[in-house]
Amino acid sequence: MNYHVLTLFPEMILQGLGTSIIGRAIQKGILSLEAVNIRDYAGNKHGKVDDYPYGGGAGMVMQAEPIYSAYEALCQKIGKKPRVIYLTPQGEIFSQQMARELAGEEELIFLCGHYEGVDERVLEEIVTDQISIGDYVLTGGELPAMVLMDAISRMVPGVLSNEASGVGESFQGNLLEYPQYSRPEEWRGKKVPEVLLSGHHANVEKWRREQSLLRTAARRPDLLKVAEMTEKEKMWLAAFDLSDHPQVF
Ligand code: ADE
């Protein structure tokens, strides 16, 4: 996977993704990350890339031409026209399913806006996907772009050292993950659930599955509508009274 980010703050992107799992995957060559400074395509010696909005109003608007020039130069260089993702609160809300789907691309371009927005005409011209990371407004598209790249990268084969660790986790089958415990067996009077110490694999799996179902019901009941459950599991969950177990959930 090759990521290309059109931004006014390339150092933010490179520093933000240069460490930990994503940084290692870049070093291993499984991923590549390039941050293109839109200011380098300003077309004037002051590096000015924004201007006042037509019609008036507060703030500045990023102009079309520097963004378009940066995009054109990038496509020329790589010899392809990849999907262009514009990060905006007006976009489709990002999900694990979108992360999985985007991980199938060879190249992705992210366009990060700033100020009050970006001239609509360049969005019409180059953007293929508009994506939001949630119903709140950030100061720019860099953090959302990094959120997307992190989630997408985890779905790229070879990025997670343990291939299985991307599978049995939250949102797999639209269920939340079961709770995890490590040593010591007792910490501040709190014991690890007995079944996890039993060494009985089938019982452990059953307990984890039940915990996933119960957690999802308690914390994200909206997910149950789309969760992958057997009829038997649905009935078991319907019969379970969550209010009897406030200490757990
Ligand atoms: N830019 C500003 N806020 C954003 C959000 N919530 N999601 C994506 N891009 C954004």
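The values are calculated or read from the model by the stated rules, or taken from the named source; none is laboratory data. Only a predicted model underlies this, so the values are computations on that prediction, with no experimental measurement involved. Each accessible area value is taken on the protein alone, full model and side chains, heavy atoms only, with ligands, DNA and RNA left out. Shrake-Rupley method; radii C 1.70, N 1.55, O 1.52, S 1.80 Å.
Assorted remarks:
- Among the listed pairs K28/K77; K48/K77; K28/K48, those with a Cα-Cα distance over 26 Å are K28/K48.
- Averaging over all projection directions, the Cα-based convex hull of the range 1-122 occupies 8.8 nm² in the image plane.
- Rolling a 1.4 Å probe over the protein heavy atoms of the chain, with every protein chain left in place, gives an accessible area that is 51 percent carbon and sulfur.
- When the Gaussian network model of the chain links Cα atoms closer than 10 Å, the mean-square fluctuations of E205, E194, E11 top out at E194.
- Residue with peak Gaussian network fluctuation, the chain [Cα springs, cutoff 10 Å], from K45, K191, K80: K191
- Note on the chain: helix-only mean residue ellipticity at 222 nm, from DSSP H runs of 4+ residues weighted -39500 (n - 2.57) and normalised by residue number, equals -10500 deg cm²/dmol.
- Set of aspartates and glutamates near K206 by C-alpha distance (under 12 Å), chain-local residues within fewer than 8 positions excluded: E233
- Per residue, the range 116-249 exposes 65 Å² of solvent-accessible protein surface, assessed with a 1.4 angstrom probe and all protein chains in place.
- Relative contact order %, the chain, counting alpha carbon pairs below 8 Å whose residues are six or more apart: 18 percent
- Extension gain from K28 to R220, taking 0.36 nm per residue of separation minus the Cα-Cα distance: 65.4 nm
- Percent of Cα pairs exceeding the 29 Å cut-off, where the set is the chain: 45 percent
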